[in-house]
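The values are calculated or read from the model by the stated rules, or taken from the named source; none is laboratory data. Nothing here was measured: the structure is a model prediction, and the numbers come from that model. Every residue, glycine among them, receives a Cβ derived from its backbone with ideal geometry; neighbour counts consider all protein chains shown. Calculation scope for accessible area: heavy atoms of the full protein, side chains included, ligands and nucleic acids excluded. Shrake-Rupley method; radii C 1.70, N 1.55, O 1.52, S 1.80 Å.
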Amino acid sequence: MKASTSSTPSSVPVAHKAPLPPSSSRASRIAPHSHIKGLGLNAEGRAIIDTAAGGFIGQETAREACGIIVDLVKSRRFSGRALLLVGAPGTGKTALACAVSHELGSKVPFCPMVGSEVYSTEVKKTEVLAESFRRAIGLRIKETKEVYEGEVTEMTPSETENPLSGYGKTISHVIVGLKSVKGTKQLRLDPSIYEAMLKEKIVVGDVIYIEHSGAVKRVGRSDAYASSYDLESETYVPLPKGDVHKRKELVQDVTLGDLDAANARPQGGQDIMSVMGSLVKSGRTEVTEKLRKEVNKVVKGYVDQGVAEIVPGVVFIDEVHMLDIECFTYLNALLESPMAPTVIFATNRGNALVRGTQDLVSPHGIPVDLLDRCMIVKTEPYTKEQVAKVLQLRANIEGLKLAEGVLDKLATEGEQSSLRYALQLLAPASVVASINDRAEISLEDVGEMNELFLDAKTSAALISANENS
């Protein structure tokens with residue numbers, strides 16, 4: 001990798017080729033719970049009610065209970081137990097699980113799954129559970145490398161005639177401008193690095209670092225591009241300190257599940273760095289217990305040497321009542337594992353038959369021996385006022401403008417059906433408003449959504465009426 005020797009001191013004005021903040025050419029996917037940043041508790045562990053603290057609205061009792069669970073996990077006094085969230089659909093169970101994960105740390109692995117995922121024709125049910133647990137146990141590896149780090153100010157590919165044929169052009173090199181606090185540097189890089197940057201979806205204004213090996217890592221978006229919203233799905237980072245070319249301690253995060261998969265198809269060297277470099281996406285295969293023990297042995301060696309550290313994450317199993325008696329029995333063993341992550345279950349069932357049995361009825365469809373290990377937290381239905389606050393928060397996150405009366409109309413829909421249904425109407429209503437050349441969602445758009453789509457209660461009532469007629 002070649003870099004130009006010219007650099008510009010920070011005191012000299014630099015022509016910035018990036019668009020003016022806060023515009024961004026990156027189209028970020030907004031996840032349903034991207035606004036959740038924590039439980040929203042004060043220093044005394046009480047839920048903050050007046051504002052959307054941590055992106056959370058309502059569920060004060062459940063949030064405070066989960067805060068105690070977080071304290072137990074951090075003090076390592078929650079081993080062998082699990083958190084069970086119970087409540088009606090759309091009452092924030094998944095949001096609570098996400099919030100617990102955020103409270104434990106931004107780099108903590110979060111592995112969500114649904115109970116029905118275990119019924120796969122490819123691998124055994126217990127293998128799916130074991131894999132989820134391993135993917136929720138992180139391994140943080142630290143090493144020092146020489147890198148080029150900064151905010152991307154220029155990314156210009158240079159094309160030449162294709163030497164292999166008389167048709168078309170090929171990229172000969174790419175010019176990348178990087179800016180740090182101390183100055184800027186212009187790099188002339190290999191086309192393979194340009195391909196890596198495109199793969200990472202890097203654009204002007206992103207903060208990145210490039211290793212001498214050619215590996216490219218996107219750190220985040222420069223905070224100069226941050227908008228006025230307090231909660232955003234994009235990660236904003238400050239301009240890197242020091243020179244563009246520097247020695248930097250890099251932290252690489254991988255999970256035990258990744259190491260299991262890489263060792264199942266070993267490529268290259270057998271050290272842990274080679275294993276990390278061989279991670280590839282492939283079809284699902286069962287990993288033997290012998291292989292897992294070998295991986296654990298190697299990991300323990302690196303932890304003892306101080307090269308790496310274990311980061312226990314969170315496994316979230318939604319609709320846990322869909323598991324059967326074999327899975328529940330296996331979960332008891334997994335909870336006793338010395339490297340078990342924090343386990344969170346969620347269900348909306350009352351007394352139900354335990355799957356895989358003929359007549360065993362148990363609370364929430366979970367066997368009593370596993371239920372005894374659980375700390376149970378209940379979620380409550382949202383009020384109309386709380387639904388309105390959540391809708392306004394999500395509208396701000398997604399950049400949607402609501403006309404007068406729309407928020408009240410959607411809040412009424414959410415109170416009568418569910419919060420989830422009201423939230424689902426936002427995006428299609430914005431599409432209809434855009435088609436009609438309106439900058440904001442109107443009551444007319446919401447009315448059209450009610451004509452096109454049905455909530456679960458209305459749909460079930462219509463089907464029942466048709467069956468009885």
If amide H atoms are modeled at 1.01 Å from N in the peptide plane, then the residues at a separation of 5 or more from Leu84, or on another chain, having amide H under 5 Å from its own are Phe345, Met375, Ile376, Val377
For Asp190 and Asp243, extending 7 Å from Cα along the Cα-Cβ vector and measuring point to point gives, in nm, a value of 2.3 nm
Given Cα pairs under 8 Å that are at least 6 residues apart, what percent is the relative contact order of the chain? 20 percent
Mind ordering 356-362, 449-455, 38-44, 344-350 by average Cβ neighbours within 10 Å, highest first? 344-350, 38-44, 449-455, 356-362
Probe 1.4 Å, all chains present, heavy atoms only: Phe316 accessible area in Å², nearest 10, is 10 Å²
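Can you tell me the relative contact order of segment 377-465? Whole percent, Cα pairs under 8 Å, sequence separation 6 or more. Working shown, then result.
On the way: 75 pairs, mean separation 25.1, N = 89.
Relative contact order comes out at 28 percent.
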If N is the residue count of segment 423-469, its Cα Rg over 2.2 N^0.38 Å rounds to 1.46
Ratio of Rg to Rh for segment 397-437, alpha carbon only, Kirkwood? 0.97
Can you return the lysines within cross-link range of Lys409? Criterion is Cα-Cα under 19 Å, with same-chain partners fewer than 8 residues away left out. Lys384, Lys389, Lys401, Lys457
For segment 26-182, the Cα gyration tensor yields equivalent-ellipsoid semi-axes (√(5λ), largest first, whole Å) of 43, 24, 18
How would Ile48, Ile57 line up by accessible area, probe 1.4 Å, largest first? Ile48, Ile57
Modelling each spin label as a point 7 Å along the Cα-to-Cβ direction, I'd like the Ile376/Thr288 distance in nm, to one decimal. 4.3 nm
Per residue, what accessible area does segment 291-386 have, given a 1.4 Å probe and all protein chains present, in Å²? 51 Å²
Can you quote the Å³ per residue value for the convex hull of the Cα atoms in segment 93-208, rounded to an integer? 231 Å³
When DSSP assigns beta bridges and you keep just the ones with both residues in the chain, what percent turn out antiparallel, to the nearest 5? 70 percent
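Where the accessible area of segment 401-447 is counted over protein heavy atoms with a 1.4 Å probe, how much of it, in %, is carbon and sulfur?
49 percent
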Could you order peptides 328-340, 127-139 by the average number of other Cβ atoms within 10 Å of their residues, highest first? 127-139, 328-340
Calculated on alpha-carbon atoms, Rg and Dmax of the chain in Å: 25.9, 82
For the Cα atoms of the chain, what angle does the longest principal axis make with the long axis of helix 325-335, in degrees from 0 to 90, nearest 10? 50 degrees
Give me the angle, in degrees from 0 to 90, between the Cα long axis of helix 419-435 and the longest principal axis of the Cα atoms of the chain, rounded to the nearest 10. 50 degrees
Set of lysines near Lys142 by C-alpha distance (under 18 Å), chain-local residues within fewer than 8 positions excluded: Lys107, Lys217, Lys246, Lys248, Lys300
From zero outward in steps of 5 Å, how is the percent of C-alpha pairs of segment 315-411 spread across the bins? 2, 11, 17, 16, 10, 9, 9, 10, 9, 5, 2, 0
Residue span Lys297 to Asn351: 0.36 nm per residue of separation minus Cα-Cα distance leaves a gain in nm of 15.2 nm
